[in-house]
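**Q** Sharing a structure with you now.
The values are calculated or read from the model by the stated rules, or taken from the named source; none is laboratory data. Just so it is clear, the structure is predicted and the values come from calculations on it, not from any experiment. Glycine also receives a Cβ, built like all others from the backbone with ideal geometry; neighbour counts cover every protein chain displayed.
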Amino acid sequence: MNIMTFNTQHCLNYIERKIDFPLMAGVIRRLGADIAGLNEIRAKGPSNPDFEDQTEILSELTGLPYYYFARAIDVKDGGPYGNAILSRYPIAEAETIPIPDPDVEGKDRSFESRCLLRARLANGITVLVTHFGLNASEQACAARTVAEHLEESKCILMGDFNVRPDSGILAPIRERMKDAADAFPGPLFSRPSDDPDRKIDYLFVSRDIEVLSADIPAIVASDHRPHTAVIRVEGLEDAYE
């Protein structure tokens, strides 16, 4: 099974600075994703024509028929904004879990409310997709929320965590999950996509899942490079369509 996480920056072409659905969908197709977790996705807004149902559009263009959008915020004068999942496998249930905001003194001008997407696939896999904030106080709230919803078996966690691999923020996750990056042949970075100098995007899996390979391919589409992995999950239910 091929999985990937991809911060699409609302499908903005990093070079041409325009919304480019074929480019983003082409990346997902080229990498052969069976499950894709997406960050910074827009949904249809009440008045702003730039806020389209990006999850549905990408589903159609990638051929991944099952999808769910998790709203984190409503952008001023825009529309809903958050995380999404595209899946080759049916989604049995999905929910949007708000991440509690930190105390007022923990905020700054880059503060933004966040959420955790939780999708239970019909084959028995649980997928969690999230996007941590920039402030340490936000990140701590997000890590606690994620830890509360991790499952010990057949669980995948992915997203843009906005912290580097040595961050203590990840400790409660690392205690229970495997980092797919352990399968990298050497250090790989994910941002900025044209000349990356940091890894802030992650794929974690529960300890019963085998990671066969992982990569951050040198693709410039969004401002982040996609992070991929090939995994093996034993004991899946026969629920593919």
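**Q** For the list (1) crowded, with 16+ Cβ neighbours inside 10 Å; (2) farther than 22 Å from ASN123 by Cα; (3) among the aliphatic types (A, V, I, L, M), I need the number of the one condition that LEU134 fails.
**A** Of (1) crowded, with 16+ Cβ neighbours inside 10 Å; (2) farther than 22 Å from ASN123 by Cα; (3) among the aliphatic types (A, V, I, L, M), only one is false for LEU134: (1).
**Q** I need every pair where a residue in region 45-66 that is in contact (Cβ under 8 Å) with a residue 40 or more places away in the chain has its Cβ under 6 Å from the Cβ of a residue that is in a helix (DSSP H, G or I) and crowded, with 18+ Cβ neighbours inside 10 Å, sequence separation at least 6 or different chains.
**A** What qualifies is LEU58/ALA25; LEU61/ALA25.
**Q** Look through ILE57, ILE91, ILE73, ILE28 and report the one residue that is out of contact with any Asp or Glu (no Cβ under 7 Å at 6 or more places or on another chain), among the aliphatic types (A, V, I, L, M) and more than 26 Å from SER213 (Cβ to Cβ).
**A** Being out of contact with any Asp or Glu (no Cβ under 7 Å at 6 or more places or on another chain), among the aliphatic types (A, V, I, L, M) and more than 26 Å from SER213 (Cβ to Cβ) holds for just one of ILE57, ILE91, ILE73, ILE28, which is ILE57.
**Q** For the subset of region 97-133 comprising residues that are in a loop (DSSP other than H, G, I, E, B) and under 17 Å from the mean Cα position of the chain (by Cα), which member is modelled with the lowest pLDDT?
**A** GLU112
**Q** Of all residues in region 73-90, which are among the hydrophobic types (A, V, I, L, M, F, W, C) and within 13 Å of the chain's Cα centre (by Cα)?
**A** Within region 73-90, ALA84, ILE85, LEU86 qualify.
**Q** Turning to a different aspect of this structure: Return yes when ALA136 is over 16 Å from the mean Cα position of the chain (by Cα) and under 28 Å from PRO65 (Cβ atoms) and no when it is not.
**A** no
**Q** Going through ALA140, ALA94 one at a time, which residue ends up being surrounded by 15 or more Cβ atoms within 10 Å (Cβ to Cβ) and either in contact with a Gly (Cβ under 9 Å, 6 or more places away or on another chain) or assigned to a helix (DSSP H, G or I) (or both)?
**A** Just a single option satisfies the conditions, and that option is ALA140.
**Q** Same structure again: Which of the residues that make up region 133-149 are polar (S, T, N, Q) and more than 15 Å from ARG174 (Cβ to Cβ)?
**A** ASN135, SER137, THR145
**Q** Collect the residues in region 67-90 that are free of Cβ contacts under 8 Å to residues at least 40 places away in the same chain and either surrounded by fewer than 16 Cβ atoms within 10 Å (Cβ to Cβ) or not in a strand (DSSP E or B) (or both), keeping them in residue-number order.
**A** Listed by number, the residues that qualify are VAL75, LYS76, ASP77, GLY78, GLY79.
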